[in-house]
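These notes are about the structure you will find just below.
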Amino acid sequence: MAIDDVFAKINAHMIEGIMFHDKMSEYFAFLNLCGYEEMHKEHSLCEFVTHKNIVDYYIQHYNKLIADYEIDNITVIPDSWRSHIKQDVDASTKQRAVKESFEKWRNWEKQTLKLYEQAYSELTASGEIAAANQIHNLILDVETELSYAEKCLIDLASVNYDMNTILAQQIKTG
């Protein structure tokens, strides 16, 4: 794959990542889980900054704009939630929603890691070592986030997604 295509795919995925975390923030705001909401707001903002850094790198080193690439619609929030208010959500729905959302997050990060590793491999194979190093930094960031998402899932499963525990976490999460 040409370097332009590699960066176009990464650029599109990074925009999707910003949208993913933004939607996750809305998801948790609706569930009234403000700690998780803030955590995903922070992820969204950090990913925006990282995205801008990659765009700036590409423009500075290749003297052109990143080509457009199809951006997928990110669906995190169930459509059925749009016809409800916060007070409609019972504890068992919240428990299920927390479990599903953390699994979606983990899966998103796994998908991201796979894409970045493939890009790194392609850039290295084509001799674009400096660009590959930029992607390597992204890989390290995603590995850290994936590890944290996995830890959260293990912790939540170990308390069987207990709402008292989840609510207590809202104060210290974020």
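The values are calculated or read from the model by the stated rules, or taken from the named source; none is laboratory data. Keep in mind it's a predicted model, so treat the numbers as computed, not measured. Methodologically, a virtual Cβ is constructed for each residue, glycine included, from the backbone with ideal geometry; neighbour enumeration extends over all protein chains shown. Ligands, DNA and RNA are excluded from the accessible area calculation, which covers all protein heavy atoms including side chains. Shrake-Rupley method; radii C 1.70, N 1.55, O 1.52, S 1.80 Å.
Structural remarks
- Residues that are buried (at least 18 other Cβ atoms within 10 Å of the Cβ), farther than 18 Å from residue 139 by Cα and of a type in the set (Gly, Ala, Ser), drawn from the stretch 1-25: 25
- Filtering the stretch 103-138 to residues that are surrounded by fewer than 17 Cβ atoms within 10 Å (Cβ to Cβ) and β-branched (Val, Ile, Thr) leaves 124, 129.
- Residue list for the stretch 83-97, filter: open to solvent by 50 Å² or more (accessible area, probe 1.4 Å), among the charged types (D, E, K, R) and in contact with a helix residue (DSSP H, G or I) (Cβ under 7 Å, 6 or more places away or on another chain): 86
- Residue among 47, 38, 70, 26 that is closer than 22 Å to residue 154 by Cβ and charged (D, E, K, R): 38
- When residues in the stretch 109-156 are screened for being assigned to a helix (DSSP H, G or I) and in contact (Cβ under 8 Å) with a residue 40 or more places away in the chain, 20 of them pass.
- First in the stretch 26-40 and on the phi > 0 side of the Ramachandran plot, second anywhere and open to solvent by 40 Å² or more (accessible area, probe 1.4 Å), Cβ under 6 Å, 6 or more apart: 32/86
- Residue identified as under 19 Å from residue 169 (Cα atoms), out of contact with any Pro (no Cβ under 7 Å at 6 or more places or on another chain) and open to solvent by 90 Å² or more (accessible area, probe 1.4 Å) among 100, 42, 70, 38: 42
- In this structure, residue 76 qualifies as surrounded by 14 or more Cβ atoms within 10 Å (Cβ to Cβ) and either out of contact with any Leu (no Cβ under 7 Å at 6 or more places or on another chain) or at pLDDT below 95 (or both).
- Residue in the stretch 148-156 that is among the aliphatic types (A, V, I, L, M), open to solvent by 50 Å² or more (accessible area, probe 1.4 Å) and in contact with a Leu (Cβ under 8 Å, 6 or more places away or on another chain) present: no
- Tally, over the stretch 59-108, of residues that are part of a helix (DSSP H, G or I), in contact (Cβ under 8 Å) with a residue 60 or more places away in the chain and over 21 Å from residue 163 (Cα atoms): 2
- Members of the stretch 1-26 that are within 14 Å of the chain's Cα centre (by Cα), of a type in the set (D, E, K, R) and closer than 30 Å to residue 63 by Cβ: 16
- Residue 9 being at pLDDT 95 or above and closer than 19 Å to residue 134 by Cβ: yes
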